[in-house]
Amino acid sequence: MTEREYQKHLESVRKKIFGDDSDLPRSRSETLKLAKQFLKLKEQRIKQRHRAGMGGVEICRMRSDVMDCLVNQLWKESLATLPAEKQGKMRVSVVAHGGYGRRVMSPHSDLDLTFILPGNSAQVPPEIAKFIADYLLYFYDLKFKVGLGTRSAGGCIELANEDMLTKTALMEARLLCGDPKGFDEFRSRFDKECLVGKEAEFLKQRQNDLTSRHLKHGGTHCVQEPNIKNGCGGLRDYQNLIWMTYVKAGTLNPKDLVQKGHMSPLAWRELAQAYDFILRVRNEMHYSERRASDVLTLRLQGVVATNLSYRHKKILRRIEAFMRDYYTSTRDILQRSSEVMDSLNLAAMADQDTRKGLLSFMVRRKAAQKRPEKFDGFVEKAERLFPEEPGIYKEDPTRLMRTFLHTQQRHLRMSPELFQLMQVSFRLVNVSYRYNKSVRETFLAILGNKGDVARVLRQMHRVGFLGRYMPEFGALTCLVQHEFFHRYTADEHTLRTIDKLDELSDAHVQARPLYQKLFHDLQQPEILYLALLLHDAGRAANAKAHDAESTVMADAVARRLLIKGERRKLLLFLVDNHLLMYRTATTANLDDPQVIGEMAAMVKTKEYLDTLLVMTYADSKGTSEASWSGYKEASILQLYHNTLAYLDAPADFMRRVAVPLDEVRASVVKELEDGYNLEISAHFQHMPRSYFNYRDPAQIAAHIRQFRQFFVQLTKEDPDAGLMPVMTWEDHPEQGYSDLIVTCWDRHLLLARISGALAAQSINILSADLYQRGDNLVLDIFRVCNTNFAAVTNKSAKLRVEQAVRAAFLEQKFDFAPAIAASRKAAPGFDEVMDEIPQRVFINNEVSPSQTVAELQVVDRLGLLYDLFMAIGKLDLSVTHARISTEKGVAIDAIYIQTAGGDKIRDKEELDQLKSALEAAVFQLPGDKKKTLEAAAA
């Protein structure tokens, strides 16, 4: 149905419902009843068309046309209630502006109306103000959110020159009804007074707005929960293109830029299709949420994908396909609009030079100095690289790769012409091209230029060349990652890791001196850059172990690029073990010398260890800023320094970690006051040997003082209260966590009591060091943080935790489940997605000679550790150590378990029983309804 046909149809429906003008005036209640009937009928049919697959642009236009019809009808109804002599005095233009002005009305968009009076008066006559207020009551009664203003034509011009948002909103103003005089006056003055002579200023302001908005929303279109309106490549980018087109070309239709040479027909088709898709997604978001909504949350992604008829069986696959289409569309809008803006800026610079002319000798001299330079088939001008003629790539295909070497060496950008020429030359990038010696050497030279690699790789990726030259990376384009601590798509995450690596070359940044020094000392930076480029390549294969798949791909790339010998070994080591330091630091007991020895055996040399640390830093920072928390960094650095010490001198390291207790005891005695001899003897006699590894004498002294406090409490309090634990807190805000140190008698379900109290206050446990003395006392150290991954510094929160723990100690039976459930809000769409994340419970009986380790990768939830510790405690087993790593949505935990006799679990039946109990706790299965690991990971 064409626009004209639809408007005729609307007029026909309007007449059937409202009748002709002879029925006017009528009562307000009757008018409102008919308006609701009209809206209900049309909105229902538009929604049916949307669900049937109609494009976003057409749906928005139809809704805009419906609103035009309603605005006109209600204006007639309102005028008809006035006496004839007053009707002629209502010299008001009813004008649509903003989104409504451009005829883009999603289901719950604001109704943007401006009432314009002729002249320049700042005062609105009272009778007109009252009439407009009465008129707007119709829309409030119809539940519309109205964005409005009432001003003279001169007042609109004045406000537009004061406020950029108003200027862009009024740029697309459209007369709806009323007296046209005010609107005509405004329209005749707008361009002359608001734009002419101010084009350069306007373009600069729009560019600044674009940059600041992009930074505010992650700096990329590939964020996990994008803002569909204001995010990179969102609707505002397209609107920005409309406004800049109007200023430079005098048209509100970006398609006209094709004729003016600022955009190719292919670019316009991509742009139009992407814009239509984004609007269709936004329409579905509004329908699904029943309100205006612009953030495409994880919960909403599954709902929208299902309602837009993505037919994959599993919701994660539906989301993956849908979000890939979404990211592709936002990428097209971002790229194509950037091309046009660059083209318009170049045209503006050329116009400026023409107007200035060469008026003086100095101007001529300066112009000569800026004369375009020609080299290798290219022309450098205005800090951009242009093709000298259209056949440069056909003449010499290796120039495709050299293009990026030139932009790197000369700090240039690709011109719009070169961008388009390269995209139509991709057929030259075939198998033989990928094996070409000259191309290979140029690519490795680009990777070897420390500190300026990410910018060039982003140029390659933006134009589409990188994925064609290296298909292993190309498969990651717009790939959604379902490990929910990732904030970006796989390709964007990869490029961000290289951004973080480049930052280490910035001499002005001194916040990371260790990583900067290690990076500066690297002899083969191109291998580290290549390893980061390929470290997640295996994710595209949907393999369970993406690092193994990535290593296979890295090996193929190494053969193609003729990377041999030690360089190849380093590349494959880095790709295969890029998660090694992170996993070890967050799951293993770093106080265990055996863990350090195994790490040293893996890395073998200082070069490998240094390079792996830098890669771990870049990978974590590229995942998200929150992913590199102070606590995580401290753990990784502890692992690095201990492994380095082991590599330097293994025997010295083992002697140091096994330092004679007499020496430690002598240092502790110096830390304590007189009168602690008995407590010191008991502490050194009964604490396990591993407790003293790496522990500072001052810390040991503080623990002994806390044990004395516990015994003093036993003598002063009543019998029940005297058995309460003593709890102290140590805050480490710079590292993002607090220590909760607990001393008491050992007792059944001790950890469940403490973890339940913490969960009830929404406090996360990062890790736990759990020590049992030979005299049946325990010292438990919990590293905890709040929901913002910061130290728990709130005194009232600490007090509530202590009170909850003591209350649980006083009761033989306790249950934190109701309090935890009350704190946890259900999110149906999000929970459905999270239920499909691959999860596992693995019992590892090989990693420790005296402990069984339960390794878990499961969907996190409030109270998860409480459920796990309850399950372990009910089997009469003890938790001796725990490494807890909790990111957004996913918990990766390692829990060290012993029997009542202080040994690992050796009986197979008991191991199976432990696994079943943990799976039941993780998946919250009732009774004997067991959910197998295979079903959980399906």
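Is it the case that Leu751 is surrounded by 22 or more Cβ atoms within 10 Å (Cβ to Cβ) and more than 31 Å from the chain's Cα centre (by Cα)?
Taking the combined requirement at face value, the residue satisfies it.
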> Would you pick out the residues in region 157-196 that are in contact with a strand residue (DSSP E or B) (Cβ under 6 Å, 6 or more places away or on another chain) and either in a helix (DSSP H, G or I) or without any contact (Cβ under 8 Å) to a residue 24 or more places away in the chain (or both)?
Replying inline: Gly182, Phe183, Phe186
> When region 577-612 is examined, which residues are found to be over 28 Å from the mean Cα position of the chain (by Cα), at pLDDT 90 or above, not in a helix (DSSP H, G or I) and not polar (S, T, N, Q)?
Replying inline: Lys604
>> Among the residues of region 681-691, are any in a loop (DSSP other than H, G, I, E, B) and under 25 Å from Ile763 (Cβ atoms)?
In response: no
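Determine, yes or no, whether Glu417 is in a helix (DSSP H, G or I), touching a Cys at 6+ places or on another chain (Cβ under 6 Å) and surrounded by 17 or more Cβ atoms within 10 Å (Cβ to Cβ). Don't jump to the end; show me each part of the working.
Working: in a helix (DSSP H, G or I): yes; touching a Cys at 6+ places or on another chain (Cβ under 6 Å): no; surrounded by 17 or more Cβ atoms within 10 Å (Cβ to Cβ): yes.
Answer is no for this residue.
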> Take the residues of region 599-634 that are without any contact (Cβ under 8 Å) to a residue 60 or more places away in the chain and within 21 Å of Ser767 (Cα to Cα): which is surrounded by the fewest Cβ atoms within 10 Å (Cβ to Cβ)?
Replying inline: Glu625
> Restricting attention to region 51-75, which residues are under 38 Å from the mean Cα position of the chain (by Cα), in contact (Cβ under 8 Å) with a residue 60 or more places away in the chain and closer than 19 Å to Asp110 by Cβ?
Replying inline: Gly56, Val57, Ile59, Cys60, Asp65
>> Could you check region 79-127 and list, in sequence order, the residues that are under 22 Å from Lys47 (Cα atoms) and assigned to a loop (DSSP other than H, G, I, E, B)?
In response: Arg102, Arg103, Val104, Met105, Ser106, Pro107, His108, Ser109, Asp110
> So, of the residues in region 124-133 that are within 18 Å of Leu176 (Cα to Cα) and touching a residue at least 12 places away in the same chain (Cβ under 8 Å), which turns out to be surrounded by the most Cβ atoms within 10 Å (Cβ to Cβ)?
Replying inline: Phe131
> Just checking, how many residues over region 378-423 are among the acidic types (Asp, Glu) and at positive phi?
Replying inline: 1
> Checking Arg63 against (1) touching a strand residue (DSSP E or B) at 6+ places or on another chain (Cβ under 7 Å); (2) among the basic types (Lys, Arg); (3) in a helix (DSSP H, G or I), which single condition isn't satisfied?
Replying inline: (1)
> Is it the case that region 134-152 has a residue that's surrounded by 17 or more Cβ atoms within 10 Å (Cβ to Cβ), under 34 Å from the mean Cα position of the chain (by Cα) and within 30 Å of Val281 (Cα to Cα)?
Replying inline: yes
>> Yes or no: region 765-784 includes at least one residue that is surrounded by fewer than 22 Cβ atoms within 10 Å (Cβ to Cβ), farther than 30 Å from Gln685 by Cβ and modelled with pLDDT under 90.
In response: no
> Filtering region 431-451 down to residues that are assigned to a loop (DSSP other than H, G, I, E, B) and modelled with pLDDT of 95 or more, which residue is nearest to His406 (Cα to Cα)?
Replying inline: Asn436
>> Out of everything in region 219-253 that is in contact with a Phe, Trp or Tyr (Cβ under 6 Å, 6 or more places away or on another chain) and within 20 Å of Gln205 (Cβ to Cβ), what residue ends up being surrounded by the fewest Cβ atoms within 10 Å (Cβ to Cβ)?
In response: Leu252
> What pairs can you find where one residue is in region 912-928 and assigned by TED's automatic domain parsing to the domain that holds Leu862, the other is at pLDDT below 80, and their Cβ atoms are less than 6 Å apart, with a gap of 6+ or different chains?
Replying inline: Phe923/Lys931; Leu925/Lys931
> Restricting attention to region 395-410, does a residue exist that is in contact with a Leu (Cβ under 7 Å, 6 or more places away or on another chain), under 25 Å from Ala558 (Cα atoms), in contact (Cβ under 8 Å) with a residue 40 or more places away in the chain and hydrophobic (A, V, I, L, M, F, W, C)?
Replying inline: yes
>> Residues that are within 21 Å of His221 (Cβ to Cβ) and of a type in the set (Val, Ile, Thr): does region 265-287 have at least one?
In response: yes
>> Can you list residue pairs whose Cβ atoms sit under 6 Å apart, with the first residue in region 780-797 being more than 17 Å from Ser629 (Cα to Cα) and the second being in a strand (DSSP E or B) and at pLDDT 90 or above? Count only pairs 6 or more apart in sequence or on different chains.
In response: Asp780/Val742; Ile781/Asp739; Ile781/Ile741
> Any residue in region 306-315 that is at negative phi, touching a residue at least 40 places away in the same chain (Cβ under 8 Å) and outside any helix (DSSP H, G or I)?
Replying inline: yes
>> I need every pair where a residue in region 843-860 that is touching a residue at least 24 places away in the same chain (Cβ under 8 Å) and of a type in the set (Ser, Thr, Tyr) has its Cβ under 6 Å from the Cβ of a residue that is exposed (fewer than 15 other Cβ atoms within 10 Å of the Cβ) and part of a strand (DSSP E or B), sequence separation at least 6 or different chains.
In response: none
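What do you reckon, is Asp184 crowded, with 18+ Cβ neighbours inside 10 Å, farther than 19 Å from Ala249 by Cβ and outside the structural domain of Asn230 (by TED's automatic domain parsing)? Before the answer, list the steps.
Values: crowded, with 18+ Cβ neighbours inside 10 Å: no; farther than 19 Å from Ala249 by Cβ: yes; outside the structural domain of Asn230 (by TED's automatic domain parsing): yes.
Against the criterion (crowded, with 18+ Cβ neighbours inside 10 Å, farther than 19 Å from Ala249 by Cβ and outside the structural domain of Asn230 (by TED's automatic domain parsing)), Asp184 does not qualify.
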> Where residues in region 254-297 are among the basic types (Lys, Arg) and surrounded by fewer than 17 Cβ atoms within 10 Å (Cβ to Cβ), which of them is modelled with the lowest pLDDT?
Replying inline: Lys260
> What helices (runs of 4 or more DSSP H) lie completely within region 464-558 and have 3 or more residues being modelled with pLDDT of 90 or more and crowded, with 18+ Cβ neighbours inside 10 Å?
Replying inline: 465-469, 490-503, 513-521, 525-534
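The values are calculated or read from the model by the stated rules, or taken from the named source; none is laboratory data. Bear in mind that the values here come from a model prediction, so they are computed numbers and not experimental data. Backbone-built Cβ (ideal geometry, glycine too); neighbour counts: all protein chains shown.
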